[in-house]
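Since the structure comes first, as structure tokens, the remarks are kept for the end.
The values are calculated or read from the model by the stated rules, or taken from the named source; none is laboratory data. Remember, it's a predicted structure, so these values are computed and weren't measured experimentally. Quick reminder, even Gly has a Cβ in these numbers, built from the backbone with ideal geometry, and neighbours come from all protein chains shown.
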Amino acid sequence: MPSPLDEYPIHQLPLSMREVGSSDRNFYDRCYFNATNRTSDVFLVTGLGVYPNLGVTDAYATVRAAEKQWTVRMSDALGERGLNAAVGPYRVEVLEPLSKVRLVCDTPERGVAFDLTWDGSFACVDEPRHLLHSGSRVIVEGCRFAQVGTWSGTLHAGGTDHAVIPDVWLGSRDRSWGIRPVGESEPPGRSADDAREGFWWLYVPVRFEDFALIVIMQEDPDGTRTLNAASRMWADGRHEQLGWPEVDITYRPGSRHPERATLRMRTPDRRSIDVEVETLTSVALHVGAGYGGDPEWSHGQWRGRNWIDSAVYDLADPTVAARVPFGVVDHAARAMCEGQEGWGLFEHASIGRHDPTGFKDWASVA
């Protein structure tokens, strides 16, 4: 049977749009968004994913306010794929491609609900291909674009309603697709005897009034850079590559919690650009949002039809707080660059050994 998408001239392979170009079980297609106000007392992280070879689609939304985090997640069998994606009470409507997107999550009884519209402030940016190996096997091979922008609409979290206006509410988003570990865990095989010693990742999209910055760094335990990008986008469409970024991160003593950082880059004419970043509130993506290491739920898992679940996390609870350092953490962030104040995301993971920072093993802290 054809797919409704087969009506459109968008094919890339001699296949129906019902199929994807890889038989890898871990093929995925996902969107991610975050939103916070300029005081960062409320921080929303949300997204939706489609896993064609697993026959699953799911979505999540998590909102942090003070030391509480409200999370709702939903999953279902993947049906016909269309131009707009939905699962249960959650839907994504593309109003203007690469510019304006509406998100709706109609679950106020579970502590999280919103009707929000995203407006991109600058053009979307293609990131370099994401690639990660486990031994000889490729476990991540992804294509992604990113954008910074503003929000409007309404947000309900933990019994409080927030009016979301674009002068105050900012954020970033990305769309990615390709291969990454999803669904039920696979048998580790030989990789259990050749486990990675660590993982280090930094992703910083920031919106300033006149320009946007997007910086990506991924390194092996010995500091070898395996993913590198630094770009500046201007409102008139100009795009600058900013070379090989360097970063100095100040961690909270006795932890790996980044409190502030300095990013150093160069323009094509070799002029230095420094960005001072201060982290504010945060959401650990593996505490309720289903990213790697989340013990309650992972993206792509089969939970049956029309599955929905929710939870409230007390981040002051030591058992919850102990989970945070062992995954990717999204920090809402304030930044200064060339006299302008910016707001955005400081997404960071420092797990296990990382020689450039002096972390020797899984237990090392600042």
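Okay, here's what the table says:
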{"read-out": "Condition met for ASP174 (closer than 30 Å to GLU341 by Cα, in contact with a Lys or Arg (Cβ under 6 Å, 6 or more places away or on another chain) and of a type in the set (D, E, K, R))", "value": "yes"}
{"read-out": "Members of region 261-273 found to be surrounded by 12 or more Cβ atoms within 10 Å (Cβ to Cβ) and in a strand (DSSP E or B), listed by number", "value": "ALA261, THR262, LEU263, ARG264, MET265, ARG266, ILE273"}
{"read-out": "Subset of region 298-317 [assigned to a loop (DSSP other than H, G, I, E, B) and either small (Gly, Ala, Ser) or touching a residue at least 40 places away in the same chain (Cβ under 8 Å) (or both)]", "value": "SER298, HIS299, GLY300, GLN301, TRP302, ARG303, GLY304, ARG305, ASN306, LEU315, ALA316"}
{"read-out": "Per-region count, region 112-129, residues over 19 Å from ARG238 (Cβ atoms) and at pLDDT 95 or above", "value": "8"}
{"read-out": "Out of GLY344, GLY288, GLY293, GLY352, sole residue that is crowded, with 17+ Cβ neighbours inside 10 Å, in contact (Cβ under 8 Å) with a residue 12 or more places away in the chain and under 30 Å from PRO52 (Cα atoms)", "value": "GLY288"}
{"read-out": "Residue within region 230-241 that is surrounded by fewer than 16 Cβ atoms within 10 Å (Cβ to Cβ) and within 21 Å of the chain's Cα centre (by Cα) present", "value": "no"}
{"read-out": "Matching residues, region 78-100, being touching a Ser or Thr at 6+ places or on another chain (Cβ under 8 Å), in a strand (DSSP E or B) and either β-branched (Val, Ile, Thr) or farther than 18 Å from SER152 by Cα (or both)", "value": "ALA85, VAL87"}
{"read-out": "Answer from ALA163, ALA192 - the residue that is among the aliphatic types (A, V, I, L, M), at pLDDT 95 or above, over 23 Å from the mean Cα position of the chain (by Cα) and more than 25 Å from THR262 (Cβ to Cβ)", "value": "ALA163"}
{"read-out": "Matching entry among VAL283, VAL320 (being touching a Phe, Trp or Tyr at 6+ places or on another chain (Cβ under 7 Å), without any contact (Cβ under 8 Å) to a residue 40 or more places away in the chain and either outside any strand (DSSP E or B) or aliphatic (A, V, I, L, M) (or both))", "value": "VAL320"}
{"read-out": "Of all residues making up region 296-312, the number that are of a type outside the set (Val, Ile, Thr), in contact with a Gly (Cβ under 9 Å, 6 or more places away or on another chain) and surrounded by fewer than 21 Cβ atoms within 10 Å (Cβ to Cβ)", "value": "9"}
{"read-out": "Meets criteria (over 16 Å from the mean Cα position of the chain (by Cα) and either exposed (fewer than 15 other Cβ atoms within 10 Å of the Cβ) or farther than 30 Å from ASN37 by Cβ (or both)) for SER121", "value": "no"}
{"read-out": "Residue satisfying all of: in region 125-139; crowded, with 18+ Cβ neighbours inside 10 Å and within 17 Å of TYR32 (Cα to Cα); farthest from the chain's Cα centre (by Cα) among these", "value": "VAL125"}
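Here is a yes/no grid of residues against (1) hydroxyl-bearing (Ser, Thr, Tyr); (2) touching a residue at least 24 places away in the same chain (Cβ under 8 Å); (3) in contact with a Cys (Cβ under 6 Å, 6 or more places away or on another chain); (4) closer than 30 Å to THR226 by Cα:
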{"residue": "ARG110", "(1), (2), (3), (4)": "no, yes, no, no"}
{"residue": "ASP115", "(1), (2), (3), (4)": "no, yes, no, no"}
{"residue": "SER134", "(1), (2), (3), (4)": "yes, yes, no, yes"}
{"residue": "THR160", "(1), (2), (3), (4)": "yes, yes, no, no"}
{"residue": "VAL164", "(1), (2), (3), (4)": "no, yes, no, no"}
{"residue": "ASP167", "(1), (2), (3), (4)": "no, no, no, no"}
{"residue": "LEU170", "(1), (2), (3), (4)": "no, yes, no, yes"}
{"residue": "ASP174", "(1), (2), (3), (4)": "no, yes, no, yes"}
